[in-house]
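Encoded as structure tokens, the structure appears first; notes follow it.
The values are calculated or read from the model by the stated rules, or taken from the named source; none is laboratory data. These numbers come from a predicted model, not from an experiment. Cβ coordinates were reconstructed from backbone atoms using ideal geometry, including for glycine residues, and neighbour counts include every protein chain displayed.
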Amino acid sequence: MDLNKKHLLYLTVFFLFLSLNASGQSNSISGRVLNQNTKESVEYASVVLFKQDSVFLNGTTADSIGRFVFTNLTSDDYVLSVSCMGFEAKKILLQNLSESAEIDVLLNESVLSLGEIVISASSTINKINQRIVFPTKLQLNHSANGMQLLNTMMLPGLNINPMTNTISSFDGGKVMLQINGVNVTSEEIQTLQPCQIRRVEYLDYAGIRYGAASKIVNFIVIRDDKGGVIGVDLMNSLNILAGGDVLFAKFNKGKSEYTLNYTTAFQKFNSNNRTRTGSYQFENSTPIQRDEIGDGGDYSYQMHDVTFGYNYQQSDSVFFNAKLKYALTNHPHNDFKSNLIENGIKIGQIFDGVSQKINTPSIDLYYERGLKNQQKVYANIVGSYAKVDTGRNYIEYDNANTLFKEQFGLSSDKYSLIAEGIYEKGFTYGSLKFGAKHIQSFTKQEVQQNGVFKSDLNQMETQ
């Protein structure tokens, strides 16, 4: 190779390296939120990042010294929106962001009239163990449903996954969702129109009343006297048979509201693989190492959930809600096919198939009545029936014989009733609640494994 060709090759490799390095570069936007007058840090400001075409990208809350950061950004045009109670909101346009940027955001203090408080921007009222958050116009305009609105509000301690429409708590506890104080599912939150949401009441410590729940998110909504809404939310995969869809309808007439929610999820593929290794040492024998090498298997799952609802509301004094729900979970195939290797030698194959089907109809009745002098009474009755059928078929075999076989079956029927009554008295700086809760359940089980075993269990608990 002559000298000119060597130089050409070196230059080509050099520019290729530069282009790869540039294309893989990840930018960030970070900085501090400061008071324009005092230059002191503004703590816990709401910082939201949009594309220039107003598409929401991410949001965070500044820390106790006003710092914030957004990472893994590509070269593009962005809008940074910063707001905090007591300050005027500010937007910053970042055009052609080609490298990481450090920004100090200076906020001007807003002047409030003491004669009348008008909530025109983000506002949070902090009480003992509770935050009352009023969504901003910007948050309402960039949200299509209640779940997206909750994502833009960035309540501390909550993690919202907009792809799966699920909510989790940073501490690992359960997040209980409510609409006007009534327990609901995440699918029902998806049916909320942002314009209906008056405020969100957030309890970051639920207390023993709510059992395993560690946080409560209660959407306080308003509704029209007439009219309705019908909508769908579809999310389906293009390369595999999988998806999750929501259909909802809501109609209002006077003080009554009628709702229908249908949710379905499904998944099916034939590459369900599992690989495991185990070592065994029996007395007076050589060690045995068994390796299970996955060779595909069928997986299929379906979920259907339909809920009919009715509620009646008379201003803030009387509220009644009734829900009739049926849920079906069908998991006919969770199968694994594997090659079985013992001490390095293939001795056969494994088939391990598990199936499960769950039927759950339920009825939920809730009543709330306001009394004089900041008093309220609540009553809630939930009745449900759950039928579960589970089966497992495990076989080890070679070309001619069955080496090992085990079958297992479980059938369960559970009837349960939960009744709760609560009295609440409000005071200037808090409230007092007390009540009673009764749980009654009856479970009948039948286990099939080397015979048939039956059992009955009757449980009762009053708190």
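Numerical summary
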item	result
Conditions (1) surrounded by fewer than 16 Cβ atoms within 10 Å (Cβ to Cβ); (2) touching a His at 6+ places or on another chain (Cβ under 9 Å); number of the one not met by residue 48	(1)
Of the criteria (1) of a type in the set (S, T, N, Q); (2) part of a helix (DSSP H, G or I); (3) over 16 Å from the mean Cα position of the chain (by Cα), which one residue 152 fails	(3)
Residue within segment 306-317 that is under 30 Å from residue 272 (Cα atoms) and assigned to a strand (DSSP E or B) present	yes
Residues of segment 322-357 that turn out to be of a type in the set (D, E, K, R) and surrounded by fewer than 15 Cβ atoms within 10 Å (Cβ to Cβ), as a count	2
Unmet requirement for residue 360, which otherwise passes all of (1) under 30 Å from residue 273 (Cβ atoms); (2) surrounded by 15 or more Cβ atoms within 10 Å (Cβ to Cβ)	(1)
Some residue of segment 216-237 being among the hydrophobic types (A, V, I, L, M, F, W, C), in contact with a Gly (Cβ under 7 Å, 6 or more places away or on another chain) and farther than 29 Å from residue 320 by Cα	yes
Meets criteria (at pLDDT below 95, out of contact with any Leu (no Cβ under 7 Å at 6 or more places or on another chain), of a type in the set (D, E, K, R) and outside any strand (DSSP E or B)) for residue 283	yes
Inter-residue pairs, beta-carbon under 7 Å, first under 28 Å from residue 76 (Cβ atoms) and in segment 27-48, second among the basic types (Lys, Arg) and part of a strand (DSSP E or B), 6+ apart	32/67
Test: residue in segment 406-414 that is assigned to a strand (DSSP E or B) and more than 24 Å from residue 329 (Cα to Cα)	yes
Cross-chain or 6+ apart pairs with Cβ under 7 Å, segment 75-99 first and β-branched (Val, Ile, Thr), then surrounded by fewer than 18 Cβ atoms within 10 Å (Cβ to Cβ) and part of a strand (DSSP E or B)	79/91; 79/93; 82/90; 92/103
Residue satisfying condition, being over 30 Å from residue 132 (Cα atoms) and either touching a Lys or Arg at 6+ places or on another chain (Cβ under 9 Å) or not acidic (Asp, Glu) (or both), within set 421, 409	409
Scan of segment 226-271 for residues that are among the hydrophobic types (A, V, I, L, M, F, W, C) and either within 30 Å of residue 338 (Cα to Cα) or assigned to a loop (DSSP other than H, G, I, E, B) (or both), ordered by number	238, 240, 241, 242, 265, 266, 269
Subset tally (residues that are free of Cβ contacts under 8 Å to residues at least 12 places away in the same chain and either touching a helix residue (DSSP H, G or I) at 6+ places or on another chain (Cβ under 8 Å) or surrounded by 15 or more Cβ atoms within 10 Å (Cβ to Cβ) (or both)) for segment 364-398	0
Residue match in segment 198-209 (condition: part of a strand (DSSP E or B), of a type in the set (Lys, Arg) and surrounded by fewer than 16 Cβ atoms within 10 Å (Cβ to Cβ))	yes
Condition met for residue 436 (surrounded by 15 or more Cβ atoms within 10 Å (Cβ to Cβ), hydrophobic (A, V, I, L, M, F, W, C) and either touching a residue at least 40 places away in the same chain (Cβ under 8 Å) or out of contact with any Leu (no Cβ under 8 Å at 6 or more places or on another chain) (or both))	no
Cβ pairs under 6 Å, 6+ apart, first in segment 445-463 and without any contact (Cβ under 8 Å) to a residue 24 or more places away in the chain, second hydroxyl-bearing (Ser, Thr, Tyr)	457/443; 459/441
Test: residue 223 is outside any loop (DSSP other than H, G, I, E, B) and charged (D, E, K, R)	no
Candidates 259, 286, filtered to the one that is over 19 Å from residue 352 (Cβ atoms) and surrounded by 15 or more Cβ atoms within 10 Å (Cβ to Cβ)	259
Residue in segment 416-432 that is touching a helix residue (DSSP H, G or I) at 6+ places or on another chain (Cβ under 9 Å), assigned to a strand (DSSP E or B) and hydrophobic (A, V, I, L, M, F, W, C) present	yes
Residue in segment 216-223 that is surrounded by 12 or more Cβ atoms within 10 Å (Cβ to Cβ), in contact (Cβ under 8 Å) with a residue 24 or more places away in the chain and farther than 19 Å from residue 143 by Cα present	yes
Segment 306-333 residues that are without any contact (Cβ under 8 Å) to a residue 12 or more places away in the chain and under 23 Å from residue 181 (Cβ atoms), paired with ones that are surrounded by fewer than 17 Cβ atoms within 10 Å (Cβ to Cβ) and of a type in the set (Gly, Ala, Ser) (beta carbon under 9 Å, 6 or more apart)	315/370
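Here's the yes/no breakdown for (1) at pLDDT below 95; (2) under 33 Å from the mean Cα position of the chain (by Cα); (3) among the aliphatic types (A, V, I, L, M):
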| site | (1), (2), (3) |
| --- | --- |
| 370 | yes, yes, no |
| 376 | yes, yes, no |
| 384 | no, yes, no |
| 389 | no, yes, no |
| 399 | yes, no, no |
| 403 | yes, no, yes |
| 407 | yes, no, no |
| 429 | yes, yes, no |
| 432 | yes, yes, yes |
